[in-house]
Amino acid sequence: MSRSVDPSSSEPADDSGGPEHDPSGLDLARSVAGSYRKDRPRRRTIRRKGKSKQRGVRASGAHPDERDPQTLDATIDRLVAEHGWQTDIAVHAVFARWDQIVGVEVAQHCKPERYADDELTVRADSTTWATQMRLLAADVVRRLNGELGDGTVTRIHVLGPQAPSWRKGRRTVRGRGPRDTYG
């Protein structure tokens with residue numbers, strides 16, 4: 001008993017003349033696939049030599065380009081350059097080497113706090129060291145500009161120690177409080 005399936009019809013042809021077969025399983029899948037192939041239009045793809053299927057997309061070559069994986073160093077350098085952070089990063093690198101620039105003894109008592117608008121703010125831990133730092137300011141500006149580039153630091157603003165707050169408790173008296181030299 002041999003059977004043949006006609007893909008154009010949904011029913012299988014039976015050579016023996018017996019009862020019709022209910023299409024299920026493999027026969028049903030073949031008949032659905034055959035009808036699907038007939039209904040959809042056929043598409044032809046044309047490959048062009050040397051050109052990508054999408055317009056504007058270049059094929060990667062032997063030399064590195066912006067689409068290749070980048071090193072972290074190159075990515076950070078690009079980010080710094082795009083945002084104009086070169087000066088700020090250089091100044092903060094100087095903050096890390098502060099003791100080499102001003103000397104160990106001065107660095108123990110005077111710490112750089114911030115850099116803004118070509119001005120470096122330094123905090124001293126006593127009024128004596130604040131005065132010493134003011135006397136050394138011209139020399140420190142010269143050293144900083146030698147490392148960072150001319151005109152990077154134009155002025156050093158020296159702050160004395162933080163004065164303690166005398167306002168303690170619920171009851172306070174107006175006035176300046178106890179007198180002492182706090183910078």
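Any read-out appearing in this document is the output of simple, stated calculations on the displayed coordinates, not a laboratory observation. The shown structure was predicted, so the numbers you read here are calculated from the model rather than taken from an experiment. Cβ placement follows ideal geometry from the backbone for every residue including glycine, while neighbour counts extend to all protein chains displayed.
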* In whole Hz, what ³J(HN,Hα) sequence does region 133-141 give by Karplus (6.51, -1.76, 1.60; θ = phi - 60°), x for Gly and Pro? -> 5, 5, 5, 8, 4, 4, 5, 5, 4
* Structure fact -> Surrounding charge for Gly84, neighbours by C-beta under 15 angstrom, Lys/Arg +1, Asp/Glu -1, total -4
* Express in nm, to one decimal, how much length is gained between Leu159 and Ile76 on full extension, taking 0.36 nm for each residue of separation and deducting their alpha carbon distance. => 26.5 nm
* Structure fact -> Computed for region 86-159: size of charge dipole around the Cα centre, +1 on C-beta of each Lys and Arg, -1 on C-beta of each Asp and Glu, debye to nearest 20, value 140
* Which order results if Arg170, Arg143, Arg78 are arranged by neighbouring Cβ count within 10 Å, fewest first? -> Arg170, Arg78, Arg143
* Asked: With Rg and the Kirkwood Rh both taken from Cα atoms, where does Rg over Rh land for region 86-159?
  -> 0.92
* Take Lys111, Lys168 and order them by how many other Cβ atoms sit within 10 Å, fewest up front. => Lys168, Lys111
* Taking H placed 1.01 Å from N in the peptide plane, check which residues at least 5 places from Arg114 or on another chain put their amide H under 5 Å from its amide H. => Thr121
* To do: Under 9 Å from the Cβ of Leu120, count the other residues' Cβ atoms, weight Lys and Arg +1, Asp and Glu -1, and hand me the total.
  => -1
